[in-house]
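For reference, the structure discussed in these notes is given below.
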Amino acid sequence: QVQLVESGGGLVQPGGSLRLSCAASGSIFSINAMGWYRQAPGKQRELVAHITVGSSANVADSVKGRFTISRDFAKNMVFLQMNSLKPDDTAVYYCNAEIRRRWGEPWAAYWGQGTQVTVSS
């Protein structure tokens, strides 16, 4: 079994900061790309940020300059530093990872359970 567990969500005022963490655990042979998605009420899930195994990172235009993605390869973790938060950033944030559980198996996408981020005064 593979698990992704997010943490770090919460309520923050506009202009504030939060740091989300996601830890992958279980039967893991290797991890390829990792990323963060979010889903606001009534909207589709959207990609927020993505980081490859070579640490090449991309962020959505809506969060560029405010959000930064990073990863700790040794601990199988990915982070999302969110600064200058806006009410429009309110959503459930999900961690995603491409994981191979054994040598020779295909890559498979895994998701965390989500963590709520609410930006409100």
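Structure notes:
- Residues in the range 1-41 that a label on Lys86 would reach, taking backbone N under 17 Å of a point 7 Å out along Cα→Cβ: 12-18, 38-41
- Candidates per chymotrypsin sites (Phe, Trp or Tyr not before Pro) in the range 84-121, loop by DSSP, up to 10 other Cβ within 10 Å: Trp103
- When you count the other C-beta atoms within 10 angstrom of each residue and take the mean per peptide, 2-11, 76-85 line up highest first as 76-85, 2-11.
- 3J(HN,Hα) along the range 16-21, derived from phi through the Karplus expression 6.51 cos²θ - 1.76 cosθ + 1.60 where θ = phi - 60°, amounts to x, 10, 9, 10, 8, 10 Hz, with x in place of Gly and Pro.
- At the residue level, Lys75 shows approximately 130 square angstrom of accessible surface with a 1.4 angstrom probe and all protein chains present.
- Mean separation of Cα contacts under 8 Å (6+ apart) over length of the range 36-121, as relative contact order %: 25
- In the chain, the DSSP beta bridges split such that about 95 percent are antiparallel, to the nearest 5.
The values are calculated or read from the model by the stated rules, or taken from the named source; none is laboratory data. Owing to the predicted nature of the structure, the values given are computational and were not obtained by experimental measurement. All Cβ positions, even for glycine, are placed from backbone atoms using ideal geometry, and neighbour counts span all protein chains on display. Ligands, DNA and RNA are stripped out before the accessible areas are found, and what is left, the full protein with its side chains, is counted by its heavy atoms. Shrake-Rupley method; radii C 1.70, N 1.55, O 1.52, S 1.80 Å.
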